[in-house]
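Just so it is clear, none of the values below were taken in a lab; they were calculated from the coordinates. Because the structure is predicted, anything quoted here is derived from the model rather than measured. Positions of Cβ are backbone-derived with ideal geometry, glycine not excepted, and every protein chain shown enters the neighbour counts.
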């Protein structure tokens, strides 16, 4: 009778591969226990944590990231309503290597624009603005964002009259082409980040 060989750290496995017995290791992520034997339930690389006596299978393919509460995201404004701005997520900061895995729509409620009173959303955001925001809720669609904080808010904006990129002067934006002056909830990173 063939004796099954236990998996070693770094081994590549596919679903159903034998990894070892419950007396050796506890089943971790990507591992199931069946009649005291441990099997891979996904393709990946075996990782053995000797301290916790746990065996797991780490996926080799990098799954697309999901925006988590606390993540900072870059998004483009696609609609401005009286009580909210609807944005399309572009990327998660620090995870620029991958597309976002979920619905790319998110919202910024009027109560999450800035600390203090906000009279109307149209003076804070315009369609086409690029915004840096923090995820505050992700359990339902759309994902909820906040631009409270000096480093959060609009990082790139175009003139609403002639579509020229606006230049920051203090807390206002001025169009270098037509001279039009606009306001936004500005980030301290305005025009300092690659969009």
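Please report how far the C-alpha centroid of the range 22-59 lies from that of the range 121-195, rounded to the nearest whole angstrom. The two parts, judged by their Cα centres, are 47 Å apart.
Largest GNM mean-square fluctuation among 65, 27, 176, using the chain with Cα springs under 10 Å: 27. Considering only 130, 113, 69, the Gaussian network model of the chain with Cα springs below 10 Å gives its largest mean-square fluctuation to 69. Ordered by the number of other Cβ atoms lying within 10 Å of each residue's own Cβ, fewest first, 191, 132 fall into the sequence 191, 132. Within the range 114-195, antiparallel bridges make up roughly 95 percent of the DSSP beta bridges whose residues both belong there. The relative contact order of the chain comes to 14 percent, based on Cα pairs under 8 Å that sit 6 or more residues apart.
Given the choices (i) -0.25, -0.58, -1.31, -1.44; (ii) -0.28, -0.62, -1.17, -1.24; (iii) -0.43, -0.67, -1.07, -1.15, log10 I(q)/I(0) by the Debye sum over Cα atoms at q = 0.08, 0.12, 0.18, 0.19 Å⁻¹ derived from the coordinates of this structure is entry (iii).
Gaussian network model of the chain, Cα springs within a sub-10 Å range: biggest mean-square fluctuation belongs to which of 50, 88, 112? Of 50, 88, 112, the Gaussian network model singles out 50 as fluctuating most.
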